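See structure below.
Derivation of every value follows stated rules applied to the coordinates shown; laboratory data play no part. Predicted, not measured: the structure shown is a model, and the values here were computed from it. Glycine gets a Cβ as well: all are built from the backbone with ideal geometry, and neighbour counts include every protein chain shown.
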Amino acid sequence: MTTRDLDRKTFIREYCVSTVQLAIEHHGGMWYETYIFPADGKQITGWLEVWGERYPDRGSAISGHEDTCRKLAAGELETWDGEKL
């Protein structure tokens, strides 16, 4: 079992911003990811992400998580299909 050095979840409106360390490297050096999942209160209601980004290191992932939370709260993000979050 792999121990993650990063596992952050922030709930904003009907979404959860989740940033985690990946168990294996993805796409040329990406070890962390931030995804947005649908949520209700403090509970993720579905694991089909509506937005996501990957990062090479912990510092970038933490900054990315904070930036994603700020943009989501301000209504500045869209799903991959172009719908406003």
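Along Cα→Cβ, 7 Å out, is where each label goes; now give me the distance between the ones at residue 24 and residue 57 in nm to one decimal.
If labels sit at residue 24 and residue 57, their model points lie 2.5 nm apart.
Would you mind calculating the gained length between residue 71 and residue 48 on full extension (0.36 nm times residue separation, minus the Cα-Cα distance), in nm to one decimal?
6.3 nm
Counting only residues 5 or more places away or on other chains, whose amide H sits under 5 Å from the amide H of residue 39 once H atoms are built in the peptide plane?
Hits under the 5 Å cutoff: 15, 16, 45.
Taking only Cα atoms, what is the 0 to 90° angle, nearest 10, from helix 58-73's long axis to the longest principal axis of the chain?
The two axes meet at around 0 degrees.
Would you mind ranking 18, 63 by Cβ crowding within 10 Å, fewest neighbours first? Walk me through the intermediate numbers first.
Values: 18 22, 63 12.
Listed from fewest to most nearby Cβ atoms, that is 63, 18.
Name the residues whose placed amide hydrogens come within less than 5 Å of the amide hydrogen of residue 78, ignoring near sequence neighbours (fewer than 5 apart) on the same chain.
Amide H neighbours of residue 78: 85.
Give me 19, 79 ranked fewest to most by other Cβ atoms within 10 Å of their Cβ, as a rough exposure proxy.
On the way: 19 23, 79 12.
Ranking 19, 79 by Cβ neighbours within 10 Å, fewest first, gives 79, 19.
What stretch of the chain, leaving out the sites themselves, is the longest with no GluC sites (Glu not before Pro) in a DSSP loop having at most 12 other Cβ atoms within 10 Å?
Working: sites that count: 14, 76, 83.
Looking at the chain, 15-75 is the longest stretch - no exposed GluC sites (Glu not before Pro) with at most 12 other Cβ atoms within 10 Å.
Per residue of the stretch 37-42, what does 6.51 cos²θ - 1.76 cosθ + 1.60 with θ = phi - 60° give for ³J(HN,Hα)? Whole Hz please, x for Gly and Pro, Karplus curve as stated.
10, x, 8, 9, x, 10
Given the chain, report the % of alpha carbon pairs whose separation exceeds 23 Å.
Numbers: 660 of 3570 pairs.
For the chain, the fraction of Cα-Cα distances above 23 Å is 18 percent.
Using a 10 angstrom Cβ neighbour count of at most 10 plus a DSSP loop assignment to flag exposed chymotrypsin sites (Phe, Trp or Tyr not before Pro), which longest range of the chain is free of such sites?
Working: sites that count: 47, 80.
With chymotrypsin sites (Phe, Trp or Tyr not before Pro) excluded where exposed in loops, the chain gives 1-46 as its longest stretch.
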